[in-house]
1. B:Lys337 versus (1) of a type outside the set (Asp, Glu); (2) without any contact (Cβ under 8 Å) to a residue 12 or more places away in the chain; (3) surrounded by fewer than 13 Cβ atoms within 10 Å (Cβ to Cβ): which is the lone unmet condition?
2. What number of residues within the range A:76-92 satisfy the criterion of being in a helix (DSSP H, G or I), within 14 Å of chain B (Cβ to nearest Cβ) and either under 21 Å from A:Ala396 (Cβ atoms) or without any contact (Cβ under 8 Å) to a residue 12 or more places away in the chain (or both)?
3. Return the residue satisfying two criteria in turn: it lies in the range B:100-127 and is of a type in the set (Ser, Thr, Tyr) and either part of a helix (DSSP H, G or I) or over 26 Å from B:Gln301 (Cβ atoms) (or both), and of such residues it is modelled with the lowest pLDDT.
4. Report every pair of residues separated by at least 6 positions or lying on different chains whose Cβ atoms are under 9 Å apart, first residue within the range B:191-204 and within 7 Å of chain A (Cβ to nearest Cβ), second part of a loop (DSSP other than H, G, I, E, B) and surrounded by fewer than 15 Cβ atoms within 10 Å (Cβ to Cβ).
5. Determine the pairs where a residue that is touching a residue at least 24 places away in the same chain (Cβ under 8 Å) and within 14 Å of another protein chain (Cβ to nearest Cβ), located within the range B:114-130, has a partner that is exposed (fewer than 15 other Cβ atoms within 10 Å of the Cβ) and of a type in the set (Asp, Glu) with Cβ atoms under 7 Å apart, the partner being 6 or more residues away or on another chain.
6. Among the residues of the range B:157-166, write down those that are more than 12 Å from chain A (Cβ to nearest Cβ) and farther than 30 Å from B:Leu114 by Cβ.
7. Quick one: A:Gly449 ticks every box in (1) more than 14 Å from every other protein chain (Cβ to nearest Cβ); (2) surrounded by fewer than 23 Cβ atoms within 10 Å (Cβ to Cβ); (3) in a helix (DSSP H, G or I); (4) touching a residue at least 24 places away in the same chain (Cβ under 8 Å) except a single one, so which number is it?
8. Is it the case that A:Leu463 is in contact with a Phe, Trp or Tyr (Cβ under 8 Å, 6 or more places away or on another chain), buried (at least 24 other Cβ atoms within 10 Å of the Cβ) and among the hydrophobic types (A, V, I, L, M, F, W, C)?
Amino acid sequence: MEQWSNGFKTNTPKLQPSNTPVRTLITRMWEAALTALEKFANPLHLAMLTAGVLAGTVIGILPGLGGIACVALLLPFIYTLDVHTAMILLVGSLAVVHTSDTITSVLIGTPGSAAAAATVLDGHPLARRGQAGRALSAAFLSSLIGGLIGAVFLSLSLPIARPLVLAFGSPELLMLCVLGLSFAGFLTGGEPLKGGLAACLGLLLGSVGAAPSEAVYRYTFDQLYLADGIPLVGVALGVFGIAEIIDLLAKGGKIAERVSLGGGWLQGARDVMRHWGIVVRGSLIGVWAGILPGIGATAGSWMSYGHVVAAARDRESFGKGDIRGVIAPESANNSVEAGDFIPTLLFGVPGGAPAAILLGALLFYGIQPGPRMVQENLDLIFTIIWSFALANTIGAAVCLFLSPALAQLTRVPFVRLAPAIIVTIFFGAFQSSQHFGDLYAMLALGLLGWLMKQLGWPRAPLLVGFVLTKPTEQYLWLSVSRYDLEWLLRPGVILLSLLLLISIAWIFFARRKGKGIGGEEAGTETVTLGRASSVFFTLFVLAVSLAALYEARSFPFLGAIFPIAATVPAILMGAGQLVFELVGPGAKPTPGSGRQVKIAFGYFVSLLLFFVLVWALGFGLAVVLFVFTFLCARAGAGWRYAALYTACVVGLAQVLDRALGLYWPPGALTGW
Amino acid sequence: MKNVCSEIGKLIHRGIASLCLSLAFVTPTYAAAPYYEGKTIEVIIPFPVAGGSDIWIRTIAPYLEKQIPGNPKFTFRNIGGGRGIPGVNEFTAKAKSDGLMVLVTSATNYFPVLLGDKAAKYDFKQWNPLLVNPVGGVMYAAPVAGVRRVEDLAKAKDLIYGGISAIGLDLIPLITFELLELDTKAVLGFKGRGEARIAFERGETNLDYQTTPAYSATVLPLIKEGKAIPLMSFGQLDEKGNIVRDQAVSDLPTVPEVYEKIKGKKPEGRFWETYKVFMPSAFAVQKILWVKGDAPPEVLQAFYSAADRLSKDKDFLTKTDKVLGGYPLLRGDRLEKTIQQAFQIDPETQRFVREWVSKKYRVKFD
């Protein structure tokens, strides 16, 4: 009996330390959450939040400009504020960038940021069917819900986030990347060979630059510019943006030729309610993509898109304007930012550029994020969480309010919109590293994307492959060099492998049952180029792969694994595709397509001329000349209209320049 | 009445006196308006927004605006990528001798020069350092590695170190491993020091280093929980260029001290020579603000005096403590000799390092 009581006596104090901290943490969290919420009763804070949201919304709409541009705009103000107010302003703007970037993705098929490219696939076809309103309202609502779920998840996981993140070692992260890459397979469309080839091209593009594992530069052709790899903004704007603009211009007319019924705002809201499961799953995928280092917003939104395609029973309509294809990536891309706060605040490791900026701002206030944040700055963490949640709400409301007017843009002849859009895209792409290489890369990839679109090649796998190359390679190398082959036996790896196998089996099963995979763009676009061009393009891909393989022989072993993994299958598939094209019936170009191709090339030449003008005369003068001539020569506008339009574009550019402090490249000939 | 008169007389008297006094203060400024009055200084940052060097200059710039006579405005241009080389080249090409364009550099910019990278065509000798900020580095290990004190390192087996790249800052710990002859395997390829620390926390690696600000915020809590053991610092330079203890972690021995403890003699040999060449540019003079060498003396004086005033400014010292890493913001002329020494390497040491990293870490030089 005495022993018992002794046992109890020694036990109770032991229990307490493990129990109380958790309880006090929860009470403290609750208190901190309320204190932080009270801050928003202060009109100054609410005004700051609204200012941040408006800045973020405008910058999100502009293609190519994202979180970094937001900060450039707000930074001068931040240094004069106290830390809470500064965080409210900053988080307010960063939280809504991925809400408003949907607008350009849906309306003109040009991703407002790299992470919004997944929304283009189904959102833009919807707009062309005259259902822009439906697509936008569904997108904003799922963005909003995604953001809120992200905020809730973020608060709930604060006490357990550190062990959770630490549970994922390099091998598990590698398997997640592989899982993401395999989603590229789900997006390959009706012709798996073309899809596979596109994915391999993406991997190859992603291998350009410094290898993560070895100190070797791959495929840089001694260009310093390529040492860091091709910028993601350039790839997204080129393959989707430029390609889409040229295509729209060549086809002529307006974005939406007909106004269809059931395309309204309420329909979009109803769609979100009907597919609430997708919203929840998409948000959770997003949060995880944000929490885990190296995945990021772009990969997160593609994973969410891939998962919804993979899980759907009827896949035929994806890529042709399926509302589920809008809801999934949109619910993910806001929650990614919420998830991203966990490594940023609790480990001091930013997951993406916006988080890096937030980290920098905190350092400015003498707060070094890390394990002590939860103990010492809990109220600040909740200020950030509340700002994020409230900004999402205000941002979605602002976008919903703006969109009916913006949706009208789809009924304006596209050739009149094009000059302004092209100028913005050029400007946005140039900001990523202030190097003319950005524009080169964007134009070259634009041509590639346009060709792929015309020949019925899916472009989504290319982007997914590109985005995931670097993290996959990094984690593969870390897994092998740390664990040799033992990493294959880790429970997490086995679990994720099983998940991978099940998804693949599910796809094959569905295909066997005759439910073909619609995938991206399969059969939606009229093929405008004939068999000869198709054969040439396949030959081109083959030649590039062979050359890349030849080049890879000089790389050290670990730096060569990825190029080989990309090129060998590409060569095999390319050969198969070639045989298939030579023997098979070949796609017949639709009548009148020859003329369209000629027009398209004409527009390519105009873009090239614009590029030369920018290089020679500097951005300012080039914009004036390009916009004015384009309107007069291509859009058949009168000189008065053209002059007014040009003045507006230049004026807006000036305003942006003043606000953002952007850099305008001087001309090689004029020097200004 | 007399009283009033004398009061007025006093007032006039006082008025004249104060007028004279204020004139005495004002006249010098009339004689020579401050060089930077109404001017804008463009800062070239050869790194992306929110990188370490970007935060560093953006944090101190508002204080410089206040302290530099004439209160100039600072604007920033980030030219990221290409190992920092395009940004520095832009400065070389565009900066004039008027002191209106300045450059921030960090270890990333110095190593290509020290390693003889052909793409790095710039020459630090042609510029003048305006401000210098050192940073420190601390190595620590996991207790599972059988290490309790720093002396245990010599016998420790299977040490695994996580790093980014053999030709970046990791070069300093890698040289340290060779110098102390530790049984260490380096796993390179992490995206940043933060990710390497996460790998340490989840047990994938058991040896790591962090810069001093990150160390105090993220590693000290681990040490308190018994999950990490502090080992040594890479040290700092005194004004004569000797390696001395790091003031931010003065309780930790430096690498040469640990060498003496383990080997019982003063450090020597090729790796010691290499350490002495690379450590300063990696840590002791890590962040430097430069101006062209032919800038007028007023420019240098303006920044030096601002640095002097900031070193006594309580508000500045407390607010920027985290960003400056617990080190003073030094005037450029204070460490000028050390700085110029830091970028000099004798051809033999250079050849030795290049051969060693290409052999051991398969680095390919052109």
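1. The number of the failed condition is (2).
2. 2
3. Start the filter on the range B:100-127 by keeping residues that are of a type in the set (Ser, Thr, Tyr), which leaves B:105-106, B:108, B:110, B:122.
Checking the rest, the ones that are also either part of a helix (DSSP H, G or I) or over 26 Å from B:Gln301 (Cβ atoms) (or both) come to B:108, B:110.
Details: B:Thr108: 85, B:Tyr110: 91.
Restricting to residues being of a type in the set (Ser, Thr, Tyr) and either part of a helix (DSSP H, G or I) or over 26 Å from B:Gln301 (Cβ atoms) (or both), the top hit is B:Thr108.
4. Going by the 9 Å Cβ cut-off, the qualifying pairs are B:Arg202/A:Ala167.
5. Pairs that qualify, where the first residue is touching a residue at least 24 places away in the same chain (Cβ under 8 Å) and within 14 Å of another protein chain (Cβ to nearest Cβ) and the partner is exposed (fewer than 15 other Cβ atoms within 10 Å of the Cβ) and of a type in the set (Asp, Glu), are B:Lys118/B:Asp366.
6. We begin by selecting, within the range B:157-166, every residue more than 12 Å from chain A (Cβ to nearest Cβ); these are B:157, B:159.
B:Lys157, the sole residue that qualifies.
7. (2)
8. Yes, satisfied.
The values are calculated or read from the model by the stated rules, or taken from the named source; none is laboratory data. Keep in mind it's a predicted model, so treat the numbers as computed, not measured. Positions of Cβ are generated from backbone atoms using ideal geometry, with glycine treated the same way; all protein chains shown enter the neighbour counts.
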